[in-house]
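To start, the structure under review is shown below, and the notes come after it.
The values are calculated or read from the model by the stated rules, or taken from the named source; none is laboratory data. It should be emphasised that the depicted structure is a prediction, and the values quoted were computed from it without experimental measurement. Cβ atoms come from the backbone with ideal geometry, glycine included; neighbour counts cover every protein chain shown.
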Amino acid sequence: MSLYQKIRQQGREFSQRTLDRHLRLGVTGLSGSGKTAFITSLVHQLTHGDQPAHLPFFAVVREKRYLGGQVNQQQVLSVPRFPIEQNLQYLQQKPPTWPPSTRGWSQLSLTLRYKPAAGLRAKLQSRSELALNIVDYPGEWLLDLPLLNMDYQQWCEFSWRLFRQPHRQAIAKDFEQHLLTLNQQDGTELSLQNTTDNYKVLLQQFHDTPGAYLNQPGRLLVPGELAGAPMLQLFPLLPEQASANTVLAKKLAQHYKSYCKNVIEPFYQQHFVSLDRQIILVDCLTVLNSGYAAIQELQQALQLILKSFHYGPSSLLARLFKPKISKVLFAASKSDHATPEQHKALSLLLQQLLYQPLKLSHYQAAVTEVMAIAAIRASTSGYVQVEGLAQPCIRGKTLQQKNVTYFPGEVPATIPSADFFTQHKFEFLALEPIQWAEHQPLPHVRMDHVLQFMLGDKLE
């Protein structure tokens, strides 16, 4: 983006903020939580889902005041654009498939038009507009934010405590042996790159391991434009090696510091500092499949990440110069992989997972909500007769193209104990999206509740 384009864009956003007609929405979630599907659905609901029967709890639609939303076509050419059209094509395929995971950052700007509900604005204007900016980025990058609060030595200690957890220990053994054979006085390019390649293999193995969420640095898994950059020659030495005054330890500490300063800090400043509202997506059902250690790691990851954000109400002046996140929605994604009567328990489970963040005082100033949602439906729900009794069930198609009608099981309302997992196994299946036709709004679960909570007050 040229300096002129940047100044022009900032000026436009500043004027919209002055009139309180601009909202920057952050969609936050770890890899696999459903961010891409959520943003795709959010944009489609705002641009095509204007029927009260489809979005009954979205007041501006229910009251027939919504005039429509449009994706802005005049986006700055140097800024990556969220691939909304391509994502919708994946959903229209036969069979339909989920859009691919995000491999780099992108954004999309929308203009929403509506009739004001009442008051002076309704008398003076026949219509109003709200500018909405949405940013997407790989969930792997999000996991780097906690590194800003550690130095290299602390990160090494943190990493190896994590690697020695039951679901990681065996996988990390080969890399640990590799570190033990390293010449600690060899900081050459070849040596660094060789061990970085080994660590990247380990990170990918962790990434493919159910319940292993905290994989750092995220750019080794999804480098984006930094592929091949020397600062990505980064891996955690064993704590006793990191504390030694060796050539290798000094070199890695330098790379770590450079990575934090030149990658994580700009990423945070560009995408998170100016957020007005935030949606945090958590896949609670998949983590239940993975066991107790996975739940503990997910809880730890969420707590570390959420410490990086600034929450609380913002005055008009604060929104102009130092915005804070005034509304936070915690959403249990993929809720349609459980039967509807289990959604309450799913919301309660998410509250348990986020107990510490919700308890922190800086959250008390922000308006928060917890709900179970499905941005794009993958199943339909109903009942089957079992021994003369109606049994709730869902119907869908697995990723292997197998039609299934089944009861996925009960969702615990609290985090199960470690002993519980030794006696019980959860099996919430991964399902493909429901077949969808282009002229129809995307099927969902509670996206109208999401829109009302996040945007309703701005569309009065």
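A few points about this structure:
- Output for the stretch 61-95, where each listed residue is touching a residue at least 40 places away in the same chain (Cβ under 8 Å), more than 18 Å from Gln440 (Cβ to Cβ) and of a type in the set (A, V, I, L, M, F, W, C): Leu67, Val76, Val79, Phe82
- Within the stretch 73-93, considering residues that are at pLDDT 90 or above and in a loop (DSSP other than H, G, I, E, B), the one surrounded by the fewest Cβ atoms within 10 Å (Cβ to Cβ): Gln93
- Consider the stretch 94-141 and keep the residues that are touching a strand residue (DSSP E or B) at 6+ places or on another chain (Cβ under 8 Å) and more than 24 Å from Ile279 (Cα to Cα). The one that is modelled with the lowest pLDDT is Arg121.
Residues are listed down the side, and each one gets a yes or a no for (1) buried (at least 16 other Cβ atoms within 10 Å of the Cβ); (2) closer than 30 Å to Tyr90 by Cα; (3) in contact with a strand residue (DSSP E or B) (Cβ under 9 Å, 6 or more places away or on another chain):
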| residue | (1), (2), (3) |
| --- | --- |
| Arg395 | no, yes, yes |
| Thr405 | no, yes, yes |
| Gly409 | yes, yes, no |
| Ser417 | no, no, no |
| Phe420 | no, no, no |
| Phe428 | yes, yes, no |
| Glu432 | yes, yes, yes |
| Glu438 | no, yes, no |
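- Close pairs from the stretch 170-183: first closer than 17 Å to Cys156 by Cβ, partner part of a loop (DSSP other than H, G, I, E, B), Cβ under 8 Å, at least 6 apart: Ala172/Arg164; Glu176/Leu238; Leu179/Leu237; Leu179/Leu238; Leu180/Leu238
- Scanning the stretch 272-281 turns up no residue that is surrounded by fewer than 22 Cβ atoms within 10 Å (Cβ to Cβ) and part of a helix (DSSP H, G or I).
- Of all residues in the stretch 40-72, those that are crowded, with 22+ Cβ neighbours inside 10 Å and out of contact with any helix residue (DSSP H, G or I) (no Cβ under 8 Å at 6 or more places or on another chain) total 0.
- Among the helices (runs of 4 or more DSSP H) confined to the stretch 157-266, the ones with at least 2 residues that are within 31 Å of the chain's Cα centre (by Cα) and surrounded by fewer than 18 Cβ atoms within 10 Å (Cβ to Cβ) are located at 169-180, 189-207, 247-259.
- Selection within the stretch 374-393 - out of contact with any helix residue (DSSP H, G or I) (no Cβ under 8 Å at 6 or more places or on another chain) and crowded, with 18+ Cβ neighbours inside 10 Å: Cys393
- Residue match in the stretch 161-175 (condition: under 16 Å from Gln303 (Cα atoms) and assigned by TED's automatic domain parsing to the domain that holds Thr196): yes
- When residues in the stretch 386-408 are screened for being farther than 26 Å from Pro96 by Cα and touching a residue at least 12 places away in the same chain (Cβ under 8 Å), 1 of them pass.
- Which numbered condition Thr246 fails, given (1) in contact with a helix residue (DSSP H, G or I) (Cβ under 7 Å, 6 or more places away or on another chain); (2) more than 24 Å from Ile305 (Cβ to Cβ); (3) of a type in the set (Ser, Thr, Tyr): (1)
For every residue, the table says whether it meets (1) within 17 Å of Phe453 (Cα to Cα); (2) among the hydrophobic types (A, V, I, L, M, F, W, C); (3) at pLDDT 70 or above.
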residue	(1), (2), (3)
Ser315	no, no, no
Ile325	yes, yes, yes
Leu329	yes, yes, yes
His337	no, no, yes
His343	no, no, yes
Gln352	no, no, yes
Lys359	no, no, no
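- Residue match in the stretch 57-72 (condition: modelled with pLDDT under 90 and assigned to a loop (DSSP other than H, G, I, E, B)): no
- Among the residues of the stretch 190-236, those that are without any contact (Cβ under 8 Å) to a residue 40 or more places away in the chain and charged (D, E, K, R) comprise Asp197, Lys200, Asp208.
- Picking from residues in the stretch 132-156 that are touching a residue at least 24 places away in the same chain (Cβ under 8 Å) and surrounded by fewer than 19 Cβ atoms within 10 Å (Cβ to Cβ), the one that is farthest from Leu455 (Cα to Cα) is Gln153.
- Per the conditions (1) at pLDDT 95 or above; (2) part of a loop (DSSP other than H, G, I, E, B); (3) out of contact with any Phe, Trp or Tyr (no Cβ under 9 Å at 6 or more places or on another chain); (4) over 30 Å from Tyr311 (Cβ atoms), the sole criterion not satisfied by Ala413 is (4).
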